[in-house]
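Structure in structure tokens, see below.
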Amino acid sequence: MDQEIMDQEMDKSETMADYEAELEASFKTVKEGDILTGTVISVDDDQAVLDLKYYAEGIITKDQFSNDPDFRLKEEIHPGDEITATVVKKDDGEGNILLSKKEANDILAWDKLKQMMEERTVVKVKISEIVKSGAVAYLEGIRAFIPASKLAAEYVENLEEWNGKTIEVTVITAEEEGRRLVLSGREVAREKLADERKKKVAKCQAGAVVEGTVETLKDYGAFVTLENGLTGLLHISQISSQRIKHPGVVLKEGQNIKVKILSAENGKISLSMKAIQPEDEPEEVFDYQESGAATTGLGALLKGLKLQ
């Protein structure tokens with residue numbers, strides 16, 4: 001008997017809690033211009049339905065979601081998502097509240113964009129249009145410009161190749177008054193390249209003998225592009241066991257050579273040709289000419305020649 005009374009009391013308590021929630025909802029008033037947050041209940045190609053914790057549900061039609069012409073409602077919005085929107089009509093004629101995410105964006109998006117700029121937040125955007133000297137994308141429903149010089153790690157010559165691509169960017173300008181939103185993918189791309197280089201350098205084992213191509217010649221040595229795409233420095237002192245006046249005495253740009261990795265520290269790779277030359281290999285004497293060509297000295301030609 002006692003258990004039955006307890007069950008009745010529990011049922012009464014649950015009913016009272018439900019009633020209080022309903023009572024609270026009944027006191028809630030909604031007027032046009034209010035900004036409400038609701039949870040998506042369902043979504044189709046034309047609209048999304050929101051639970052507003054109110055007697056009426058909220059409706060956002062596709063054209064009231066974003067200014068982005070490529071916006072795909074069912075791809076972007078899913079049940080369970082929380083959405084903040086502005087009340088356009090208290091009653092759409094069917095007992096629902098008509099909402100607009102676009103209008104809410106105009107009020108709330110710029111604060112979010114400014115925060116993104118301050119925190120250097122990395123976000124993904126899809127390039128929707130190519131314009132003179134850059135590209136257009138949409139972020140938080142706002143039209144943004146990406147200069148050609150900011151699309152990638154290096155300046156982009158053929159902009160059309162980037163149309164429709166999704167890239168990672170940061171906000172570099174967010175001016176609400178002039179609705180000026182500028183994005184950049186350059187810094188993100190360069191940071192990625194730097195990280196990839198560090199990982200590759202970390203895998204370079206000191207003592208390994210690898211093949212490479214002479215990229216450029218400098219007075220102090222040569223830059224060599226290795227098989228893994230990294231570039232290392234072959235110092236002039238590591239080109240030959242003989243003292244030479246210029247790397248051009250022995251090397252030329254575009255030449256394929258074998259080198260030994262001396263070290264790979266702090267993102268820098270040091271190389272050596274001298275370290276892999278056989279100890280019993282005859283020494284050559286090089287004479288560097290103004291043209292950059294190397295000639296073999298008379299002493300080297302006569303070396304080993306026995307006179308009768």
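Report yes if D70 is more than 27 Å from T173 (Cβ to Cβ) and touching a residue at least 24 places away in the same chain (Cβ under 8 Å), otherwise no.
Taking the combined requirement at face value, the residue does not satisfy it.
Look at the range 68-92 and say how many of its residues are surrounded by fewer than 13 Cβ atoms within 10 Å (Cβ to Cβ) and in a helix (DSSP H, G or I).
Total meeting the criteria: 2.
Here is a further query. Suppose we keep only residues that are in a strand (DSSP E or B) and out of contact with any helix residue (DSSP H, G or I) (no Cβ under 8 Å at 6 or more places or on another chain) within the range 229-255. Which one would you say is surrounded by the most Cβ atoms within 10 Å (Cβ to Cβ)?
Step one: list which residues in the range 229-255 are in a strand (DSSP E or B), which gives 231-235.
Filter again for out of contact with any helix residue (DSSP H, G or I) (no Cβ under 8 Å at 6 or more places or on another chain), leaving 231-233, 235.
Values: T231: 16, G232: 25, L233: 17, H235: 16.
This residue is G232.
Here is a list of conditions, (1) at pLDDT 85 or above; (2) under 22 Å from the mean Cα position of the chain (by Cα); (3) of a type in the set (D, E), and D111 meets all of them except one; can you say which number that is?
Of everything listed in (1) at pLDDT 85 or above; (2) under 22 Å from the mean Cα position of the chain (by Cα); (3) of a type in the set (D, E), D111 misses just condition (2).
Then there's this: State yes or no: is R197 without any contact (Cβ under 8 Å) to a residue 12 or more places away in the chain and over 30 Å from Q115 (Cα atoms)?
For R197, the condition - without any contact (Cβ under 8 Å) to a residue 12 or more places away in the chain and over 30 Å from Q115 (Cα atoms) - is not met.
Pairs needed: first member in the range 128-152, modelled with pLDDT under 90; second member anywhere, buried (at least 17 other Cβ atoms within 10 Å of the Cβ) and part of a loop (DSSP other than H, G, I, E, B); C-beta distance under 7 Å; at least 6 residues apart or different chains.
Note: pairs meeting the criteria are G141/S66; G141/D68.
Looking only at the range 179-217, count every residue that is part of a strand (DSSP E or B) and over 17 Å from M273 (Cβ atoms) and tell me the total. Break it down stepwise before answering.
Of all residues in the range 179-217, those part of a strand (DSSP E or B) come to 180-184, 209-217.
With the extra rule that they be over 17 Å from M273 (Cβ atoms), the set shrinks to 180-184.
Total meeting the criteria: 5.
If you go through the range 84-115, how many residues are over 25 Å from V182 (Cα atoms) and free of Cβ contacts under 8 Å to residues at least 60 places away in the same chain? It would help to see each step written out before you state the result.
First, the residues of the range 84-115 that are over 25 Å from V182 (Cα atoms): 86-99.
Narrowing further to those that are free of Cβ contacts under 8 Å to residues at least 60 places away in the same chain: 86-89, 91-96, 98.
Of the residues in the range 84-115, 11 are over 25 Å from V182 (Cα atoms) and free of Cβ contacts under 8 Å to residues at least 60 places away in the same chain.
Tally time: how many residues in the range 150-190 are more than 16 Å from the chain's Cα centre (by Cα) and among the basic types (K, R)?
Number of matching residues: 2.
Before we move on, is S237 out of contact with any Pro (no Cβ under 9 Å at 6 or more places or on another chain), at pLDDT 90 or above and over 30 Å from L139 (Cα atoms)? First the steps, then the outcome.
Values: out of contact with any Pro (no Cβ under 9 Å at 6 or more places or on another chain): yes; at pLDDT 90 or above: yes; over 30 Å from L139 (Cα atoms): yes.
So S237 fits the description; yes.
Please verify whether the range 139-155 includes one or more residues that are of a type in the set (G, A, S) and on the phi > 0 side of the Ramachandran plot. Walk me through how you get there before you give the answer.
Going through the range 139-155, the residues of a type in the set (G, A, S) turn out to be 141, 144, 148-149, 152-153.
When the remaining residues are screened for being on the phi > 0 side of the Ramachandran plot, the result is 141.
Checking the range 139-155: at least one residue is of a type in the set (G, A, S) and on the phi > 0 side of the Ramachandran plot.
Output the number of residues of the range 88-108 satisfying the condition of being within 14 Å of V49 (Cα to Cα) and touching a helix residue (DSSP H, G or I) at 6+ places or on another chain (Cβ under 9 Å).
So the answer is 4.
Please name all residue pairs, on different chains or six or more residues apart, with Cβ atoms under 9 Å, provided the first residue is in the range 156-174 and is within 14 Å of F145 (Cα to Cα) and the second residue is aromatic (F, W, Y).
T173/F145; A174/W110
What are the pairs with Cβ atoms under 9 angstrom where one residue, in the range 263-276, is free of Cβ contacts under 8 Å to residues at least 60 places away in the same chain and surrounded by 12 or more Cβ atoms within 10 Å (Cβ to Cβ) and the other, located anywhere, is assigned to a loop (DSSP other than H, G, I, E, B) and of a type in the set (S, T, Y)? Sequence gap at least six, or different chains.
Partner pairs satisfying both residue conditions: M273/S240; K274/S240; K274/S241.
Across the range 251-281, what is the number of residues that are within 15 Å of L217 (Cα to Cα), out of contact with any Asp or Glu (no Cβ under 9 Å at 6 or more places or on another chain) and β-branched (V, I, T)?
The total comes to 0.
For every residue, the table says whether it meets (1) at pLDDT below 90; (2) surrounded by 13 or more Cβ atoms within 10 Å (Cβ to Cβ).
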residue: I257; (1), (2): no, yes
residue: V285; (1), (2): yes, yes
residue: S291; (1), (2): yes, no
residue: Q308; (1), (2): yes, no
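If you scan the range 47-78, which residues turn out to be more than 22 Å from S128 (Cα to Cα) and under 28 Å from the mean Cα position of the chain (by Cα)?
Listed by number, the list holds a single entry, H78.
Sticking with this one: If I go through the range 93-136 residue by residue, how many of them are part of a loop (DSSP other than H, G, I, E, B) and surrounded by fewer than 17 Cβ atoms within 10 Å (Cβ to Cβ)?
Residues of the range 93-136 that are part of a loop (DSSP other than H, G, I, E, B), as a first pass: 93-96, 120-122, 132-133.
Now drop any that are not surrounded by fewer than 17 Cβ atoms within 10 Å (Cβ to Cβ), which leaves 93-95, 120-122, 132-133.
Matching residues across the range 93-136 total 8.
Could you list, in sequence order, the residues of the range 213-262 that are of a type in the set (G, A, S) and farther than 24 Å from K198 by Cα?
Restricting attention to the range 213-262, the residues satisfying the condition of being of a type in the set (G, A, S) are 221-222, 229, 232, 237, 240-241, 248, 254.
Selection gives S237, S240, S241, G248, G254.
Right, here's the next one. Within the range 35-67, work out how many residues are touching a Ser or Thr at 6+ places or on another chain (Cβ under 7 Å), outside any strand (DSSP E or B) and surrounded by fewer than 18 Cβ atoms within 10 Å (Cβ to Cβ).
Residues meeting the conditions: 1.
The values are calculated or read from the model by the stated rules, or taken from the named source; none is laboratory data. Worth saying up front: this structure is predicted, and the values here are computed from it rather than measured. Cβ atoms come from the backbone with ideal geometry, glycine included; neighbour counts cover every protein chain shown.
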